[in-house]
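Worksheet for the structure shown next.
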Amino acid sequence: MADEEQQVSIKVWDGPVRVVHWAMVLLFVVQVVSGKMGGDMMPLHVFSGYAMIVLVVFRLIWGFVGSTHARFASFIAGPAATLRFARRLFSRQAVPQVGHNPLGGWSVIAMLLSLALQVASGLFANDGAAVEGPLASLVSFEVSTVLSEFHRWNLKLLLVLSAIHVGAVFFHLFVKRDNVLGAMFTGVRRVPPSVVRERRVALRDSPRRRAASREAESAYFPGPWRGVWVLAVTLALVYLLVR
C-alpha cells in the first residue's frame, strides 16, 4: 500500500450498507447469547430473529438496487479471477480494491447465505419445550425437529465464517496496511490513485502484466428515499411472513 500522502480518499460504502453491517453484528451477538441461555431469553431470541430477517432481506434487495459497491455484480468474481487474487494475496502483486476483493465478495455471499438459512430454519424450529417458530405449525413435528437441528449446526458454521471474516479484517489492517475496518464506519477508504482508474483493455496477444483495479473512477450512490422504500418493502414482506 502506498504511503499516506500518496493516497486519496474515495467514498465506497453507503449508509444502508454500513448500518445493516453493524446491526447484523449486534443482532448476531444477541442471537447467540439469548439462544444459549434459553428460558426467559427466548422471547428476545425470537424477536431479534425477526429483526435479523429484515436485515438479511434488505441486504439481498440492496445488492441489486443499492450503490455501486453494494451491488453483488460489482464484487462477485469468477473462479479463475478469485484464484488469481488468492495466489497474489500474500505477495506485492495483490491488486488493491476499492470495494470487496474477489475473496471478500465470496465471503459476503457465504455469510448472507448462511444467515438466510439460519433465520429461515428458525421460523420452523422448536426448542423442545414451549417456544417454536411462527411457521412451525405448517410442518410436522419431525420436520420441525430436523430444522431445529440444522439451526444449531448452522450456527457453528456462522461462527466459523465470522472468525474467518474478523481474521481477514485484521490481516488487511496489520499486514497489508489496508484499513478496511475504518471504512465500514466512515464509508471512505484511503487508496492509491491508481486503484480508482478503470482497467485498461490489453491486446489478447500482449504479455501479461499486473492488471490495474477493475474499479471505475466514480461510483453511483442512490438518494436516501431508495433506502426508505426498500426498508418499507422489506418490513411489509417480513410482517406478512411472520404474522
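When residue 49 is tested against (1) crowded, with 19+ Cβ neighbours inside 10 Å; (2) within 23 Å of residue 224 (Cα to Cα), only condition (2) is not met.
Just checking, how many residues over segment 18-31 are in contact (Cβ under 8 Å) with a residue 60 or more places away in the chain and either closer than 18 Å to residue 231 by Cα or more than 18 Å from the chain's Cα centre (by Cα) (or both)? Matching residues across segment 18-31 total 4.
Counting only residues that are closer than 16 Å to residue 120 by Cα, without any contact (Cβ under 8 Å) to a residue 24 or more places away in the chain and either of a type outside the set (Ser, Thr, Tyr) or touching an Asp or Glu at 6+ places or on another chain (Cβ under 6 Å) (or both), segment 46-64 holds 1 of them.
Okay, residues lined up against (1) over 24 Å from residue 109 (Cα atoms); (2) modelled with pLDDT of 95 or more; (3) exposed (fewer than 14 other Cβ atoms within 10 Å of the Cβ):
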position	(1), (2), (3)
130	yes, no, yes
156	no, yes, yes
168	no, no, no
174	yes, no, yes
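Residues that are surrounded by 18 or more Cβ atoms within 10 Å (Cβ to Cβ), assigned to a loop (DSSP other than H, G, I, E, B) and in contact (Cβ under 8 Å) with a residue 60 or more places away in the chain are absent from segment 111-126 altogether. For segment 9-52, a residue qualifies if it is in a loop (DSSP other than H, G, I, E, B) and in contact with a strand residue (DSSP E or B) (Cβ under 7 Å, 6 or more places away or on another chain), and exactly one does: 12.
The values are calculated or read from the model by the stated rules, or taken from the named source; none is laboratory data. What you are looking at is a predicted structure, and each value in this text was computed from that prediction instead of being measured. Cβ coordinates were reconstructed from backbone atoms using ideal geometry, including for glycine residues, and neighbour counts include every protein chain displayed.
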